[in-house]
Amino acid sequence: MSWNSFGRVFRFTTWGESHGPALGAVVDGCPPGLPLGEADIQPWLDKRRPGTSRFTTQRQEPDRVRILSGVFEGKTTGTPISLSIENVDQRSKDYSEVALAYRPGHADYAYDAKYGFRDYRGGGRSSARETAARVAAGAVARIAIPEVRIRGYLVELGGDRIDPAAFDAAQIDANPFFCPDAAAAARWEEIMDRTRKAGSSVGAVVECVAEGVPAGWGAPLYAKLDSELASAMMSINAVKGVEIGDGFEAARLTGERNADPMRPGPDGKPVFLANHAGGIAGGIATGQPVVVRVALKPTSSILTPVETITREGEASDIRTKGRHDPCVGIRAVPVVEAMMALVLADQKLLHRAQTGR
């Protein structure tokens, strides 16, 4: 299988399967001399960890990370950083039916069509379990961009949106949905309880904001900051859409409404009066907050029977047993944050390589 790596200067490669003995990542290109220990990575994995509420999969994985290389005496050496996370709560027997028939909406058929063989235990590499390795790599990336603050949260679940006027950052870590609107979080509990009891699933929208990104990061054409972010976000399991700034809403605005007006600032830099562009113009950061929204489809693994075919091409029905997230968007929040960090770390080093600053 090709293309398990992402990045240009700050690069990472993930390895492992959902039901293998372990999974992890190798981070290459990280500058030397940065303080890094397992305690710097673990909190981000804990945010993504399964089984933390009744609204996520009940698979019990501690997701303890081990640093196997690239760190000496608490600092990065500039050599590849190898990260390992053990799988300890696999139930491969839950996937016996999946071995015989394809789950609609999942990658089962596509993998079989490409390779003529697939790991049906939890989906193998197509499982969202792979994103634990991304979150670990993203934690390393955060160390490389201390000037940037990244925050992700859910703005929509099951078609129900937050009230932007009720946005309260303190609420994000106060509920199991990473939701900045307390009233919306209460509604989402009811939606999720109904969905779970029905054996179904719902989609969600994650918004992620990076503050402190200096003006100048990015490139005009083929390494645009927004195109790199779009690629990174689309690589996450279940993501079907990405918006930068106003996104599709920009197509409904006039030129004067979509512009981000500027006025002189006290330090000679512009003060922006709006941020419709999401902090990126011409593929290059403007110094404003970088804003990305990611749409995730409903979980494909559901208890409701769905029409499908067997590997032999015969008509069949399938209901996916096992432990699955009724909304993958919830645990996708730290994954989106990680991919934002990985792109920004790469763009910082690219910028330094070209401009020397």
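The values are calculated or read from the model by the stated rules, or taken from the named source; none is laboratory data. Values in this document were obtained by computation on a predicted structure and should not be read as measured data. Cβ placement follows ideal geometry from the backbone for every residue including glycine, while neighbour counts extend to all protein chains displayed. Protein only, heavy atoms only, side chains kept; ligands, DNA and RNA dropped before computing areas. Shrake-Rupley method; radii C 1.70, N 1.55, O 1.52, S 1.80 Å.
Under 8 Å for C-alpha pairs, at least 6 residues apart: give me the relative contact order for the chain, rounded to a whole percent. The partial results should precede the final answer.
On the way: 763 pairs, mean separation 80.3, N = 357.
Contact order relative to length: 22 percent.
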Selected from Tyr111, Tyr222, Tyr120 as most flexible by GNM, with the chain as the system and alpha-carbon contacts under 10 Å: Tyr222
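At a 1.4 Å probe, what is the % contribution of carbon and sulfur to the accessible area of region 113-243?
Numbers: 2890 of 5490 Å².
Roughly 53 percent of what the probe reaches on region 113-243 is carbon or sulfur.
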Of all accessible heavy-atom area on region 251-357, the percent that carbon and sulfur account for (1.4 Å): 54
Spacing of the two label points (7 Å from each Cα toward its C-beta) at Ala251 and Ser316, in nm: 3.9
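What dipole magnitude, in Debye to the nearest 20, does the chain give about its Cα centre under +1 on Lys/Arg Cβ and -1 on Asp/Glu Cβ? Write down the numbers at each step before the final one.
Working: 43 positive and 43 negative charges, 91 e Å.
Here the size comes out at about 440 debye.
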With DNA, RNA and ligands ignored, accessible area of Glu97 (1.4 Å probe; Å², nearest 10): 70
Two-site FRET efficiency, Thr77 against Phe167, from Cβ-Cβ distance with R₀ of 45 Å, rounded to 0.05: 0.60
Cut-off 20 Å (backbone N to label point 7 Å along Cα→Cβ of Ser2), residues of region 235-276: 235-236
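Report the trypsin sites (Lys or Arg not before Pro) located in region 180-217 that are in a DSSP loop and have at most 12 other Cβ atoms inside 10 Å of their Cβ, or state none. Spell out each step's value before the answer.
Values: sites: Arg187, Arg194, Arg196, Lys197; in loops: none.
Nothing satisfies the criteria.
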Most fluctuating residue given options Asn175, Asn87, Asn237, as computed from a GNM of the chain linking Cα atoms under 10 Å: Asn175
Helix-only [θ]222 nm of the chain, DSSP H runs n ≥ 4, -39500 (n - 2.57) each, per residue, nearest 500: -8000 deg cm²/dmol
The chain: angle of helix 38-48 to the longest principal axis, Cα-based, in degrees nearest 10: 60
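Measuring with a 1.4 Å probe in the full set of protein chains, what accessible area per residue, in whole Å², belongs to the chain?
On the way: 16610 Å² over 357 residues.
Dividing the accessible area of the chain by its residue count gives 47 Å².
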Rough spin-label spacing in nm, given labels placed 7 Å along Cα→Cβ, for Ser227 and Tyr115: 3.0
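Working out 0.36 nm times the residue gap between Asp46 and Ala183, then minus their Cα-Cα distance, what length gain in nm do you get to one decimal?
Working: separation 137, 0.36 × 137 = 49.32 nm, distance 2.51 nm.
That works out to 46.8 nm of additional length.
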Debye, to nearest 20: dipole size of region 246-357, +1 on Lys, Arg Cβ, -1 on Asp, Glu Cβ: 400
Dipole-positive endmost among Gly29, Ala107, Ser53 within the chain (Cβ charges, Cα centre): Gly29
Those aspartates and glutamates that a straight Cα-Cα span of less than 20 Å connects to Lys269, excepting residues fewer than 8 apart in one chain: Glu147, Glu211, Asp260
Hypothetical label at Ala174: residues of region 188-204 whose amide nitrogen lies under 19 Å (7 Å Cα-Cβ projection): 188-190
The chain: angle of helix 131-144 to the longest principal axis, Cα-based, in degrees nearest 10: 20
Region 210-245 versus region 293-351: alpha-carbon centroid distance in Å: 19
Helix axis angle, 182-197 relative to the chain longest principal axis, alpha carbon, degrees: 20
Size of region 220-339 as Cα extents on the principal axes (Å, biggest first): 67, 29, 26
Estimated inter-spin distance, Ala215 and Asn258, nm [label 7 Å along Cα→Cβ]: 2.2
